[in-house]
Amino acid sequence: MNTSPHTHHCQGCLSRRRCLQLISSAAAGLTFSGSIVSALGRERKPAPDFVDPVRLRPHPLTRIEAAYLQQPRPYWLGWPGTAYPLDKTQAEYSARLSQSCERLGLTLRAEAKPLEKEADLVTLINGIKERKPDAVLLTLQHMQCWGWADRVSRETSLPTIIFAPVGTAFTGHLAGISRRQGVHVISSLEWPAVEDGLKMIRAKRMFEESRILWIKGNERNETVLDRLGTKVRAIPRDTFNQLFDKMPADEEAKDIASTFRRGAKKIIEPDWNDSVNSARCYTAAKRLLADEQANALSMDCLGMVSAKLVPTPPCGAWTILQDEGITAGCEADLHGATSMMLTSYLLDRPSYMNDPVPETAKNLLIASHCTSGTRLNGFNKPTAPYILRSHSESDLGVSVQVLWPEKSPITLVRFSNPNELIVDTGKLVSNVATPPAGGCRTSVEVKMDNVEDCRDVLGFHQCVTLGNHLRTIEGFCQLYGIKIVHSPREATHFVPETKPART
Amino acid sequence: MKTRCLLGIITLGLACLAKPAPGAEVQFTSPGFAPSKMDAQGRLLEDWGVLELKISGSEMADTAEVKAVKLDEVNQAAQSSAQHGGVRVTRTAYRAPVWPSGLDVLTLRLEETEGREQSVQVSLALPDSARVGSRTISIGNRAVVALPANARASQSRRNWGYDDDATALPGWGKPKVECDPAFRNIRAGMGGVPIHYRFKVESNVALTVVLGFCESHWETSGQRPMTCVVEGAPAQAVDCIAKWGQHQPGTLQFAGNDQNGDGELTVTVLPQTGAPDQNPILNVIWIFTAGHTIDATQVMRGRLNVQAMHYVDVGGANDQSLFAGGQAEYMIKLPAKGAQEMTFLVACVGGSVPTPERTAWTPEKLCQAAAQVWREWKEAR
C-alpha cells in the first residue's frame, strides 16, 4: 500500500537538484531511477551543496602498455599458419583495444609495430621498466613467442595479460605460465575476455585509489589494507547520526523518496516520512563521503539502530548508493565492504552481503540481508523489481526486498582478509518472502554448485552478485596474489560419538 | 682488496624489560594512533619492550644523536646517526599505517666512509623468551619483528626445534580420552604457514616417526585436511575429524630416514591445496630408532615417551625453536664508499607484524602508504 501523502508525484516532474543528479548520473550510466528519459528535457543548475554521486566513485589513472609479438614474416608452416591474416587481425584487435580502453577509462600506450626481434624485446622491457605502467598486454601472433611473453612478465614484474588468439597456443604452452601469479592468459577469440582482463587492472587501481569510511566506535584514524592498497579511515559512529540530524527534508530528499516509491512494485510498511528519512540518510552519506574524500563506507548500523540514534536504519539509502556504484556496507564489516567493492569495481554491478542460512530440507543456501542493490545486471542496466519494506529486525524505516531473477547463476565472494578470498557459485532457485520466513528482506534460495551440502558453505556476509563470474574473479586474484578458497565439494558425514575409553 | 673484518659489531637487541636511557626521545606515529619513540641511543621503545640497536666491540661510536625528520616531506620519522670507525650507521624509524594497528619500520643503513671494503657483523641479540622463526621473531604468540628480506641470519642452532612461523596455542586441544598431555597443546600455521621441524640425526639413519593430532575446533570433516611429510617416508594425508573425530587424539606413523644425508630429519605438516581451513595443526612428535614395533595406543597414551629419541610436546612446555635465543647474526660486506640497508618491521602498540611470505607489503609500498595517508589526513571537523 502506498501511503505517501505527497501529491506531487507525476512522472517527469522532478526538482532541479534531482534532474541534474540524474543527468550527471546518466552520463556515467549510473542512476537508480527508471524514469530518466522524461527528466532530461529540462536545463537546471545544481544546488551548491549537491553531492554528485558520480564523483564519489574512484576514477584512477590506469596505464596499460600493449604490444604484438610475432615472428619475422612471411610465415611458413607452424601455427597460426601461412594463411593467418596478420595485418588484418592486428588492425582489428588494435581497434577493439582502443575502444575497450576508452570505454573503461584506461590510458593506452601501444607499440607502433609488432615486435619480432630480440632487440625489440629488450627495448620494450627496458621501456616498460622505466615507464612503470599498471599492466602490460601482450598479443601473441605466433606459437614461438611464448618465451618472449614469459620474459616480459618476469623481467618487468608487472601484471601481464597475455592474449593468445586461437592458433597461437597449445595446452602445453599454457601449462606453467597461465597459472603463475601476476599473469592472466586468455587463449580465445573472445574479445570480451580480454576486456575482462583490462577490467582486472582497472579494478585494482580503483581499490588503490579508494578510501573506505569505517564508521564505528569513537576513534579517528587511517590505515591502509595489505595487497589491495585501499585506505581505511575510521571515524566515530556519532559523526553519521549528527550529520543526519542536520540533513534537511529538502527537494533532493523528497525527490529521491518519491522516485524510489514510484519505482517500487509494491510498498508494504514504509510511509512517506520513512521514505524521506531514508533519503536523508542517503544525502547524509553522500555528504560525509565527499567531506572525507572517501569512495565507500561501512557503518555500525545495527548499533546505531539499537541505540535509537536515527529514526531509520540506512538500508534503503545503501541500496541507492549500491546502484550508483558506491559501496555501502553494513555492520562495520570491513571485509564485507571490500568484497562488495570487488563486484562493483571488477564486475560493474552491485552485490549484497548476506547472512547465510542453511535450508536443510531442500539443501539450499538462503542468502539474506536488507541492503541489496537493484541494478543486478550492471550499473547501466535496468533495475530488478523491488518491494519497499521496513528493516526487518527493527521494523523501522525503509529496506528493499529486491526480487532476484529465478534460475539465474550467482556468485558468492568474501574476503577473509585482503590476502584471501572465498569464492563459490550457484543458481538462484527462488525469492523468500518475509513472512512466513523471518530474517532480512532480500532473501534468496541458492542451489550451490560444487558444494554437496548447504551447511558447508564457507564464510559469513559473503557477497551475492548476479551471474557466474568465477573465471574473472580467479583471474583477478591470480594477477594480484590473492589466495582463493572454495567451500568443500564433498559433504561432511555424521560421525557417531564414541564413549570415553575406560582407564 | 683486503677486507677489514669486524670493524664493528652492531647488536640489535630485544630487551623486553630494559628501561629506556635518559635523554632526548623522538616520537613518531601515523594519524590517529599512539606514538612509538626512538631514544638517543637509537632504540625503539615499544609496548612489548625495547628494540635496541647498539654498537659493541673495539670501536665505539664517535657521535650519536636522534632527531625528528620528515620522509617524503610529510612522513613523521625519527632518525639516529652515529659514526663507527669507517662506517656511518643510520637508523630511521617511521610508522607505516598498515591496517589494523600500524607497524613501525626500522631501517638500518650502513655506509662505508673510509674508501675501502669492510665487513660488518650485525648481530641480533635476543632474550630467551623471544622465539626466532624463519622470518619473524615472536614473544608469546605475538610476532614482534619481521626480519629483512635481503639478508639471511646465521643463527646458532639447537639439535632440534621448529623452523617456521607457526603459533603455539597451549591448551587448544581438548582430548576426550586418556592420552598423553601433549595432545592438549598445538602449534598452528596461521594463514597457511607450514609447521616445520628439524632434528639433528646421524646421516642417512632410518627412524620411526609418530605424529599426534587432536582436532578440537571443527566438528565436521573436510575442513582442515592436511598433508604430513616426514623425510624419507611417503607423505600422508590426514583429516582428523574423518579419521578420529572431534577431541579424539590419533597418531600417524612414518618410516623416515635422512634421505638427503645432511644429518637432519625434517617433519612438515602443511595444509592441503584448497582446504577450507588453511591453518595446519600438530600436537605431538615422537621419534624412535627404527626396527622397534610401535604400539600406537601405547604411544598415544604417552607410555613410550621415555623410549623415544625425541618426544616433542608441540606448542607445550618442552617445545623450542631450532634457533637458540640470544643472538642472530648478519654478515655485511660493504664495498668502498658503498652502502647497504636492512629493513626490520616492528610491532607497535597493540599490533603485530605480518609474516613476510604472506604479505604484499614491501619497504617501498609501506613508505608510499605512510606518505599518502599523511598528505590526505585531516583532523575531525
For q = 0.10 Å⁻¹, what log10 I(q)/I(0) does chain A give under the Debye formula with an equal point scatterer on each alpha carbon and no solvent?
-> -0.81
Pop the C-beta distance of residue B:202 and residue B:341 into the FRET formula with R0 = 35 Å and round what comes out to the nearest 0.05.
-> 0.25
Which shape class applies to region A:313-355: rounded if a/c is under 1.5, otherwise prolate when a/b exceeds b/c and oblate if not, where a ≥ b ≥ c are the square roots of the Cα gyration tensor eigenvalues?
-> oblate
Rounded to the nearest 10, the angle in degrees between the Cα long axis of helix A:272-291 and the longest principal axis of the Cα atoms of chain A comes to 40 degrees
Binned Cα-Cα distances of region B:200-255, short to long, each 5 Å bin given as a whole percent | 4, 19, 25, 19, 13, 9, 6, 3, 0
Cut-off under 5 Å, modelled amide H: who pairs with residue A:186 long-range = A:162, A:163, A:164
Expressed in angstrom, Rg and Dmax over the Cα atoms of the protein assembly as shown are 30.5, 94
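Report Rg/Rh for region B:160-313, rounded to two decimals, where Rg is the Cα radius of gyration and Rh the Kirkwood radius.
Working: Rg = 14.4 Å, Rh = 15.3 Å.
Taking Rg over the Kirkwood Rh, I get 0.94.
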Which shape class, rounded, prolate or oblate, goes with region A:433-494 when its Cα gyration tensor gives a ≥ b ≥ c as root eigenvalues, a/c under 1.5 marks rounded, and past that a/b bigger than b/c marks prolate?
-> oblate
Partners for residue A:113 among aspartates and glutamates (Cα-Cα distance below 14 Å; same-chain residues under 8 apart left out) = A:65, A:87
Loop-located trypsin sites (Lys or Arg not before Pro) in region A:357-406, at most 13 other Cβ atoms within 10 Å (DSSP) = A:362
Report, to two decimal places, the Cα Rg of region B:80-206 normalised by 2.2 N^0.38 Å (N = number of residues).
-> 1.44
Quick one: buried accessible area between B and A, total over both chains, 1.4 angstrom probe, nearest 100 Å²?
-> 2800 Å²
Helix axis angle, B:363-376 relative to chain B longest principal axis, alpha carbon, degrees = 60 degrees
Reachable lysines from residue B:337, criterion Cα separation under 19 angstrom, eight or more residues apart if same chain = B:2
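Roughly how many debye, to the nearest 20, is the charge dipole of region A:51-189 about its Cα centre, given +1 on each Lys and Arg Cβ, -1 on each Asp and Glu Cβ, and no other charges? It would help to have the intermediate numbers written out before the result.
Details: 17 positive and 13 negative charges, 58 e Å.
So the magnitude is around 280 debye.
Leaving ligands, DNA and RNA out of it, report the carbon-plus-sulfur percent of the accessible area of region B:160-313 at a 1.4 Å probe.
Values: 2820 of 5770 Å².
Ligands and nucleic acids excluded, carbon and sulfur reach 49 percent.
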Longest DSSP-loop-exposure-free segment, GluC sites (Glu not before Pro), chain B, at most 16 other Cβ within 10 Å = B:220-378
Which whole-number percent gives the relative contact order of region A:115-160, counting Cα pairs below 8 Å spaced six or more residues apart?
-> 47 percent
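Using a Förster distance of 25 Å, how high is the FRET efficiency between residue A:437 and residue A:416, based on the Cβ-Cβ distance and rounded to 0.05?
Values: r = 28 Å, r/R0 = 1.12.
The computed FRET efficiency comes out at 0.35.
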Which whole number gives the average, over all residues in B:216-223, of C-beta atoms from other chains lying within 10 Å of the residue C-beta?
-> 4
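Over 21 Å between Cα atoms, which of A:132/B:70; A:88/A:199; A:199/A:381 qualify? Could you put the intermediate results ahead of the total?
Details: A:132/B:70 26 Å; A:88/A:199 25 Å; A:199/A:381 18 Å.
With Cα atoms farther than 21 Å apart: A:132/B:70; A:88/A:199.
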Computed over region A:365-503, protein heavy atoms only, probe 1.4 angstrom, the accessible area per residue in square angstrom equals 41 Å²
Hey, which lysines would be in cross-link range of residue A:216, C-alpha to C-alpha under 20 Å, not counting anything within fewer than 8 residues on its own chain?
-> A:231, A:246, A:286, A:308, B:378
So for region B:160-313, taking the charge dipole from beta-carbon charges (+1 Lys/Arg, -1 Asp/Glu), which of B:246, B:168, B:226 sits furthest toward the positive end?
-> B:246
Over chain B, relative contact order from alpha-carbon pairs under 8 Å, at least 6 apart, % | 22 percent
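Once R0 is set to 25 Å, what does the formula 1/(1 + (r/R0)^6) return for the Cβ-Cβ distance between residue A:394 and residue A:474, expressed as a FRET efficiency to the nearest 0.05?
Numbers: r = 39 Å, r/R0 = 1.55.
With a Förster radius of 25 Å, E is 0.05.
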Among B:294, B:186, B:139, which one moves the most in a GNM of chain B with springs linking Cα atoms closer than 10 Å?
-> B:294
Virtual spin-label span in nm between residue B:119 and residue B:273, 7 Å along Cα→Cβ = 4.3 nm
Relative contact order of region A:143-263 (C-alpha contacts under 8 Å, at least 6 apart) in percent is 16 percent
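The values are calculated or read from the model by the stated rules, or taken from the named source; none is laboratory data. Remember, it's a predicted structure, so these values are computed and weren't measured experimentally. Here the Cβ is made from the backbone with ideal geometry for all residues, glycine too, and neighbour counts use every protein chain on show. With ligands, DNA and RNA removed, areas are computed over all heavy atoms of the protein, side chains included. Shrake-Rupley method; radii C 1.70, N 1.55, O 1.52, S 1.80 Å.
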